[in-house]
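Below you'll find the structure, written out as structure tokens, and then a few comments.
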Amino acid sequence: MTAPIRLSKSRFVSGLQCHKQLWWKVHEPRAPELEAEPALKNRFEQGAEVGQAARRYVPGGDYEASFVAAETAVAVDILERHPDGVALIEVKASNHVKREHIPDVALQVHVLRQAGLNVRRADVMHLNPECRFPHLDALFVREEVTEKVDLFLPVVPGEIAAQLAMLAGPLPDVPIGEHCTKPYACPFLKRCWPALPEHHISTLYTIPRRKVEEYQARGIETIHDLPTDLELGVIHARQVKAVTTGRMVVEPSLAAALAAFAPPLAYLDFETVGYAIPRFTGCRPWENMPVQCSVHREGAKGRFTHHAFLADGPADPRPAMAELVVEACAGAKKVVAHHATFERECLKNLAAAVPSLATELEAIAARLVDLLPLVRNHIYHPDFGGSFSIKTVLPALVPGLSYDDLAINDGETASLELMRLLFDETLKGEERAGLRRALLAYCERDTWAMVKLLERIRGLAGAEQLELF
């Protein structure tokens, strides 16, 4: 006989987002889309680590206590027993309570009450953003959500019945919409969403989903379909002009904007790791901590010198990295970054960790100039596709230079591999050496990409419109 279908916390939350998603998860549990990618696997692992740590902060609690009622099985993270009832504690590896946490907790309260328990209180125990390593006695904040849960509880029985009925039938028909990505990206997104035509209206820079749906309702599918009399922002107008003419648009204002990039220059890029439970002095939960950097320094006659730092092992790398950054950027009139807000935060982190170099690091932060707005405010190439990330801008403006030839070619992968390099004790020999080479090559490409990008932009200065090359 076929086992009856039961709901769980994760299934119920998936069903709230989309019945079709839940149907696939239940009826195709081995679907390739459900194989956890490295980033998701890392979040699961760090979440499990947080769950284990939370137990030390609630001595005497029942952990992973399981209950079944209303054809639903739940395992409560921590159950605290009191003379007048129980308190349910849901542990989350986030820095605050999120809206999507409430249905999860409400389902557990409903099942426990159906099983005969007197649930007097519901809490979410989350990471404390004010905690600083090594003072982990304040790692968690326990926040009561009973009132919010009570408001959602009337929805739970009907939704359980609806999900179970749906799962007993064929694949439901659910239109696509915002729920496909909120509160979580659906793993089956590609099954539902059709392939989009080139320059689809969704590639209009920073366009909100509701606006895309509004345009589509009016029969506007691509940027080419936009009415010619439509009022657009400056960046949007430049993008539309470039796409509809098939030509790169370069504003006359570019030359003046380049004045901020006066040589001699240094080009700076950091790579970071982020841990739910911090591991380095002064770090908060999930704080991005720099553990790798690359600097290309412009010298005489257009020659460049390269400086690189890569942490190796669990010791705090920031003192040695700070020294390298200060030395490599010494004498540079400006320090170039792409999306300089990130580099500024990394420099702030280094300054806090290495007070003896704080003045020099703060001076470097004050000299930062940003390539991203230089491109965004003055240039648009049809191949940008609505994005101004360096991964998109570089191959469009500097043909032949990209990240495609690298073993590690994106920041997320780099961060995960850096975490492995720092704390995976099984990583040894040639495997470790190969990983270091790949990480060094990726970070070096970031700063060299900025060198060549600025070189190309200087060549475009003064041009208003160029043929595609």
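Of note:
- Estimated purely from DSSP H runs of n ≥ 4, each contributing -39500 (n - 2.57), the mean residue ellipticity at 222 nm for the chain is -12500 deg cm²/dmol once divided by its residues.
- DSSP bridge orientation in segment 278-373 - percent antiparallel, rounded to nearest 5: 70 percent
- Tensor-based shape of segment 9-167 (alpha-carbon gyration tensor, a/c under 1.5 rounded, otherwise prolate or oblate): oblate
- Neighbour net charge for P317 - beta-carbon separation under 12 angstrom, K R +1, D E -1: -2
- For the chain, the longest principal axis of the C-alpha atoms and the axis of helix 234-245 are separated by about 80°.
- Rounded if a/c under 1.5, otherwise prolate or oblate - segment 315-469, Cα gyration tensor axes: oblate
- Charge dipole of segment 200-266 about the Cα centre (unit charges at C-beta), most positive-ward option of L258, H236, H224: L258
- Beta bridges assigned by DSSP with both partners in the chain are antiparallel in approximately 75 percent of cases.
- For M125, M166, the sequence from fewest to most other C-beta atoms within 10 Å is M166, M125.
- 18 Å Cα-Cα reach of K348 towards aspartates and glutamates, excluding residues that sit fewer than 8 places from it in its own chain: E130, D269, E271, E287, D316, E323, E327, E360, E362, D370
- With the convex hull drawn around the C-alpha atoms of segment 146-210, the volume per residue stands at 144 Å³.
- Degrees between helix 340-353 axis and first principal axis of the chain (Cα, 0 to 90, nearest 10): 80 degrees
- Formal net charge of residues neighbouring A3 (Cβ-Cβ distance under 15 Å; K, R +1; D, E -1): +1
- Taking the centroid of alpha carbons for each part, segment 237-301 and segment 2-16 are 44 Å apart.
- Residue order, fewest to most beta carbons within 10 Å, for H224, H101: H224, H101
- Between A461 and L196, the modelled labels are 3.5 nm apart [label points 7 Å from Cα along Cα→Cβ].
- Neighbour-count ranking [beta-carbon atoms within 10 angstrom, fewest first] of R6, R344, R318: R6, R344, R318
- Computed from the alpha carbon positions, the gyration tensor of segment 184-277 leads to an equivalent ellipsoid with semi-axes of 31, 27, 11 Å, biggest first.
- Value of relative contact order over segment 222-366, rounded to a whole percent, pairs C-alpha under 8 Å and six or more apart: 21 percent
- Tensor-based shape of the chain (alpha-carbon gyration tensor, a/c under 1.5 rounded, otherwise prolate or oblate): oblate
- Nearest-ten-degree value, helix 429-460 long axis tilted from longest Cα axis of the chain: 50 degrees
All of the numbers you see were taken from the coordinates with simple rules; none came from a lab. Predicted, not measured: the structure shown is a model, and the values here were computed from it. For neighbour counting, all protein chains shown are included, and Cβ atoms are generated from backbone atoms with ideal geometry for every residue, glycine included.
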